[in-house]
């Protein structure tokens with residue numbers, strides 16, 4: 001599961017690349033490490049077109065996972081789109097793009113320790129997007145916070161390609177790299193959009209860092 005990613009590009013780069021019409025994020029700070037339940041920028045379709053907004057990472061959990069629990073920290077990665085729990089959010093009105101520049105999976109070492117390994121489309125960390133879904137939901141995320149209504153997101157996973165599979169063989173995020181793919185995911189009927197749930201080709205992804213819980217490249221000031 002991908003439970004850590006980074007964003008080293010600023011909102012101007014996101015707006016330009018993805019043709020965002022409305023930006024509701026304020027001033028985005030560098031995000032060298034984005035963890036579950038943190039807020040991060042997401043692109044969704046608004047009344048005027050594509051809009052950039054902040055959401056919390058973690059979709060509502062299935063009821064079965066919440067038995068005897070007082071909080072719902074959310075589900076970050078979504079694989080089984082045939083599940084009745086997820087089907088309600090597969091229409092275009094609930095689909096989104098999640099900007100990122102690198103993501104991390106943990107490599108389990110011989111001594112059972114775990115080493116963060118960072119993947120990106122290149123050493124320069126070009127801006128890319130996960131295929132995500134979102135919803136507005138009322139729940140208790142943390143006891144000290146109490147019940148809150150928030151916009152929540154998660155992103156799809158699929159089988160791992162050879163690059164990610166060498167570290168984490170079970171799965172990898174669904175990554176969309178082309179404008180036509182972004183348009184399809186945000187607007188097309190699900191029968192067409194579901195074809196995007198596939199691994200990125202091996203040659204378009206590489207390991208760019210290891211050993212830190214934040215991408216060192218993303219510590220630089222974003223623009």
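Worth pointing out:
- Options 61, 6: the member that is under 22 Å from residue 171 (Cα atoms), modelled with pLDDT of 95 or more and outside any strand (DSSP E or B): 61
- Residue count for the range 43-56, restricted to those that are buried (at least 19 other Cβ atoms within 10 Å of the Cβ), closer than 22 Å to residue 78 by Cα and touching a helix residue (DSSP H, G or I) at 6+ places or on another chain (Cβ under 7 Å): 2
- In the range 112-121, residue surrounded by the most Cβ atoms within 10 Å (Cβ to Cβ) [restricted to those that are at negative phi and not in a strand (DSSP E or B)]: 121
- Any hit, the range 135-155, residues being surrounded by 18 or more Cβ atoms within 10 Å (Cβ to Cβ) and under 15 Å from residue 201 (Cα atoms): no
- Residue ID - surrounded by the fewest Cβ atoms within 10 Å (Cβ to Cβ), chosen from residues in the range 22-42 that are within 16 Å of the chain's Cα centre (by Cα) and part of a strand (DSSP E or B): 39
- In the range 129-223, counting only helices (runs of 4 or more DSSP H) that sit wholly within it, the ones holding 2 or more residues that are within 24 Å of residue 35 (Cβ to Cβ) span 162-165.
- Contact annotation: residue pairs with Cβ atoms under 6 Å, 6 or more positions apart or on different chains, pairing a residue in the range 77-102 that is on the phi < 0 side of the Ramachandran plot and in a loop (DSSP other than H, G, I, E, B) with a partner that is at pLDDT below 95 and buried (at least 17 other Cβ atoms within 10 Å of the Cβ), are 101/8; 101/9.
- Some residue of the range 59-70 being surrounded by 14 or more Cβ atoms within 10 Å (Cβ to Cβ), touching a strand residue (DSSP E or B) at 6+ places or on another chain (Cβ under 8 Å), touching a residue at least 24 places away in the same chain (Cβ under 8 Å) and under 30 Å from residue 216 (Cβ atoms): yes
- Residue 95 surrounded by fewer than 20 Cβ atoms within 10 Å (Cβ to Cβ) and at pLDDT 95 or above: no
- Flag for residue 214 being closer than 21 Å to residue 14 by Cα and surrounded by 14 or more Cβ atoms within 10 Å (Cβ to Cβ): yes
- Options 196, 200, 186, 176; residue that is surrounded by fewer than 20 Cβ atoms within 10 Å (Cβ to Cβ), farther than 30 Å from residue 69 by Cβ and within 15 Å of the chain's Cα centre (by Cα): 196
- Some residue of the range 129-145 being more than 15 Å from the chain's Cα centre (by Cα), over 29 Å from residue 92 (Cβ atoms) and without any contact (Cβ under 8 Å) to a residue 40 or more places away in the chain: yes
The values are calculated or read from the model by the stated rules, or taken from the named source; none is laboratory data. Note that the coordinates shown come from a computational prediction; the quantities given were computed from them, not determined experimentally. When we count neighbours, we look across all protein chains shown, and the Cβ atoms used for this are built from the backbone with ideal geometry, even at glycine.
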